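The values are calculated or read from the model by the stated rules, or taken from the named source; none is laboratory data. A quick note: this is a predicted structure, and the numbers were derived from the prediction, not measured. Here the Cβ positions follow ideal geometry from the backbone for every residue, glycine too, while neighbour counts run over all protein chains shown.
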Amino acid sequence: MSFFRIIPPYPDDFAKAYIRIPRAEMERLGVSSGDIVRVKGSRDTAAMCMPLDKTLPHDPTFEFLHNTERIQHLTRPSDLVFQNAGGEVLSLVEIEKAEDVVTAESITLASRRPYTYKAESLDLKSLIGTPFTKGDWIRIAIKESDSIFPFAEFGVVDAKPNSEILVISENTKFNFVSYNYRNSLAPQLSKLKKRFQIGKQISDKRLGISLESFENYEDEWRLYLETRVVLDEPTEWLENIMHVVISAHDDIGTVYKQVKTRKVESRWTEEGSQCNKLLLTFVPAIKKDVSKITIEIDEIAWKRRDKKDLQFLEQINEAIRGEPTVVSVWQQQKSHYMVAQGPWRLDIKI
């Protein structure tokens with residue numbers, strides 16, 4: 001398994017379960033064009049692996065603040081795979097060759113929103129060969145549609161046989177249910193069991209990381225983390241979207257999965273650095289006999305856009321005005337990423 005850094009998708013990959021990586025990395029992972037791979041972001045999904053051969057005019061640039069010797073290869077997940085891998089701002093995903101892929105006998109799909117068309121109006125044959133996991137989104141082309149977005153979006157709520165990764169074949173039976181899939185995934189209230197301050201820090205001249213506090217709930221636990229970064233020209237930045245690649249395990253062998261990241265505060269210091277407080281959510285909840293949690297931060301990335309790139313954005317949008325589906329793929333902008341690479345390791349006594 002390897003980490004790959006996400007860059008925008010090819011417009012032609014819109015609504016397809018594709019992910020593209022360099023040919024040399026395909027060979028290293030033992031996959032060929034069209035093979036199915038497992039993609040691990042804030043959730044696991046599946047995709048067809050294709051070669052990454054071309055650059056795009058709006059591909060981002062990267063500035064590395066820490067540990068510049070590490071090199072992460074690039075990947076282009078389609079908009080659909082990006083969404084299924086977490087649907088958040090991701091900086092890195094892990095990719096590995098999928099084993100034990102099973103043909104789906106049946107798949108049950110729930111509509112994302114109420115729809116009035118019949119199943120016969122959906123181009124189900126276009127899905128043959130599509131890999132998926134339970135909980136994924138799937139987009140199905142609508143026959144003879146003149147809409148700007150000629151697709152219907154469904155969530156996979158069930159599939160048979162019971163397997164982690166399945167693939168749709170010409171014999172797969174489709175079942176449709178009418179309830180709203182988004183509402184079915186509404187988070188449940190979780191009772192707070194324990195909370196305490198941590199106060200552990202890592203810092204250098206340009207970067208600071210602080211573990212502030214910890215909360216344990218009945219079905220998850222949460223970590224408040226603050227980052228500090230010194231910017232050269234803070235007034236030139238329009239965005240401040242962040243992502244933290246982090247893992248956690250305890251002293252009894254439990255491995256925890258980060259499932260959500262939310263920025264709760266952003267402020268400037270008198271010294272000119274920018275601080276951001278993040279709320280990181282992990283599952284499962286911590287058991288009573290755990291005495292230590294080990295946090296490993298692999299990297300922190302800040303996504304920003306310079307004001308001068310607005311003109312470039314307008315030029316791109318004008319060039320593709322006749323292709324409305326392209327606009328839906330990715331907000332066409334030339335982003336700049338500042339990346340601080342670890343790893344950093346911190347222990348929390350429970």
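Here is how the numbers come out for the structure above:
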| quantity | calculated |
| --- | --- |
| Subset of region 1-18 (residues that are surrounded by fewer than 19 Cβ atoms within 10 Å (Cβ to Cβ) and either without any contact (Cβ under 8 Å) to a residue 60 or more places away in the chain or of a type in the set (V, I, T) (or both)) | D12 |
| Looking only at region 64-81, and only at residues there that are part of a loop (DSSP other than H, G, I, E, B) and touching a residue at least 40 places away in the same chain (Cβ under 8 Å), the one that is nearest to A24 (Cα to Cα) | Q72 |
| Cβ-Cβ under 6 Å pairs, at least 6 apart or on other chains, region 120-136 side free of Cβ contacts under 8 Å to residues at least 60 places away in the same chain, far side of a type in the set (D, E, K, R) | S121/K143; D123/K143; I128/E170 |
| Per-region count, region 102-123, residues over 23 Å from P161 (Cβ atoms), at pLDDT below 85 and in a helix (DSSP H, G or I) | 1 |
| Every residue from region 31-69 that is of a type in the set (S, T, N, Q), surrounded by fewer than 17 Cβ atoms within 10 Å (Cβ to Cβ) and either modelled with pLDDT under 95 or touching a Leu at 6+ places or on another chain (Cβ under 6 Å) (or both) | T55, T61, N67, T68 |
| Which listed residue is more than 26 Å from F282 (Cα to Cα), under 13 Å from the mean Cα position of the chain (by Cα) and not assigned by TED's automatic domain parsing to the domain that holds I246, from P8, P57 | P8 |
| Long-range neighbours under 6 Å by Cβ, at least six apart or interchain, first residue over 21 Å from V244 (Cβ atoms) within region 284-299, second in a strand (DSSP E or B) and at pLDDT 95 or above | V290/D250 |
| W268 vs. criteria surrounded by 14 or more Cβ atoms within 10 Å (Cβ to Cβ), at pLDDT below 85 and more than 30 Å from I148 (Cα to Cα) | no |
| Which numbered condition M26 fails, given (1) outside any helix (DSSP H, G or I); (2) buried (at least 21 other Cβ atoms within 10 Å of the Cβ); (3) touching a strand residue (DSSP E or B) at 6+ places or on another chain (Cβ under 8 Å) | (1) |
| Residues of region 161-173 that turn out to be surrounded by 14 or more Cβ atoms within 10 Å (Cβ to Cβ) and either among the basic types (K, R) or more than 27 Å from the chain's Cα centre (by Cα) (or both), as a count | 1 |
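Per-residue answers, yes or no, for (1) acidic (D, E); (2) buried (at least 18 other Cβ atoms within 10 Å of the Cβ); (3) part of a strand (DSSP E or B):
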residue: Q83; (1), (2), (3): no, no, no
residue: E94; (1), (2), (3): yes, no, yes
residue: D100; (1), (2), (3): yes, no, no
residue: F149; (1), (2), (3): no, no, no
